[in-house]
1. Among the candidates 54, 28, which residue alone is closer than 21 Å to residue 149 by Cα, surrounded by fewer than 20 Cβ atoms within 10 Å (Cβ to Cβ) and modelled with pLDDT of 90 or more?
2. Hey, can you tell me all the residues within the stretch 204-232 that are crowded, with 21+ Cβ neighbours inside 10 Å and in contact with an Asp or Glu (Cβ under 9 Å, 6 or more places away or on another chain)?
3. Among the candidates 203, 150, single out the residue that is under 18 Å from residue 134 (Cβ atoms) and at pLDDT 85 or above.
4. Among the residues of the stretch 117-140, which ones are crowded, with 18+ Cβ neighbours inside 10 Å and either modelled with pLDDT under 95 or in a helix (DSSP H, G or I) (or both)?
5. For the list (1) modelled with pLDDT under 90; (2) among the β-branched types (Val, Ile, Thr); (3) in the same structural domain as residue 229 (by the TED database), I need the number of the one condition that residue 114 fails.
6. Is it the case that the stretch 109-121 has a residue that's more than 12 Å from the chain's Cα centre (by Cα), closer than 22 Å to residue 198 by Cα and small (Gly, Ala, Ser)?
Amino acid sequence: MTVLHDSQAVLRRPRNLAQGLVESFTERIRAGTIAPGHKLPTESEIMRQFGVSRTVVREALSRLQASGLVVTHHGVGTYALQPSCGPDFRVNPADLGTVRDVVVLLELRIGVETEAAGLAALRRSPDHLVAMRRVLDTFQARLRDQGDTVTPDFEFHLLVAQATGNRYFSDLMSHLGSAVIPHTRISSGRLAAEDDEHYLVRVHFEHETIFGAIRRQDAEAARAAMRTHLSNSRERLRGEDGAR
């Protein structure tokens with residue numbers, strides 16, 4: 001069992017404890033310090049090592065799983081997976097320091113995820129639909145309870161990529177990392193000066209529209225819905241910052 005030695009380093013990053021854990025485990029899995037197939041410490045051990053709550057640990061593990069770096073077998077434990085091969089395409093959240101930086105990233109996502117949604121509509125399986133429905137319901141429940149909507153947001157976009165049947169789409173979404181989509185979404189909501197709840201309701205509605213088109217296997221509608229969803233975020237940012 002791998003023992004982590006830099007708990008204090010994570011604790012020095014109070015901006016987001018869960019993301020600190022994600023970055024720590026991600027670094028070790030990609031470096032091979034935690035080898036594929038090796039079991040991660042238990043939730044209780046991570047809580048003790050890093051001095052964080054169980055909620056923080058579970059959020060971090062959920063993001064790692066959404067990124068394709070770990071798999072959790074309930075009642076057994078969480079295990080590291082083999083990181084994707086090839087050159088490591090990474091977008092560092094620290095580089096998204098301005099509104100213009102976020103707009104540039106959204107332009108990339110519009111191009112990639114619009115086509116991914118169309119392919120997902122043509123190729124999705126019943127299992128994909130079940131998984132998407134589950135994360136959308138989770139998003140709605142957490143919105144109602146004012147809980148964490150970041151994780152199901154990221155998971156939905158990753159599931160759309162996985163439903164294409166083309167591993168490069170899901171690899172790219174995983175490489176973007178679980179910090180990037182939340183950073184983009186939260187920045188958009190705040191900078192547009194919208195009420196948080198109202199903004200998240202709009203995000204949920206847009207996700208439901210994408211899901212409906214994928215479920216109907218309407219590729220053009222799925223592309224249009226995804227493009228609208230991401231373009232709305234871009235235009236909110238542009239309207240606030242005057243970016244062009």
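The values are calculated or read from the model by the stated rules, or taken from the named source; none is laboratory data. Model, not experiment: these values are computed from the prediction. Virtual Cβ from ideal backbone geometry, glycine too; neighbours counted across all protein chains shown.
1. On the way: 28 fails: closer than 21 Å to residue 149 by Cα.
Every option except 54 fails the conditions.
2. Looking only at the stretch 204-232, we keep the residues that are crowded, with 21+ Cβ neighbours inside 10 Å, and these are 207, 210-211, 213-214, 222-223, 225-226, 229-230.
Listed by number, the residues that qualify are 207, 213, 223, 225, 226, 229, 230.
3. 203
4. So in the stretch 117-140, the residues crowded, with 18+ Cβ neighbours inside 10 Å come out as 117-121, 124, 128, 131-132, 135-136, 138-139.
117, 118, 119, 120, 121, 128, 131, 132, 135, 136, 138, 139, listed by residue number.
5. The failed condition is (1).
6. No, the stretch 109-121 contains no residue that is more than 12 Å from the chain's Cα centre (by Cα), closer than 22 Å to residue 198 by Cα and small (Gly, Ala, Ser).
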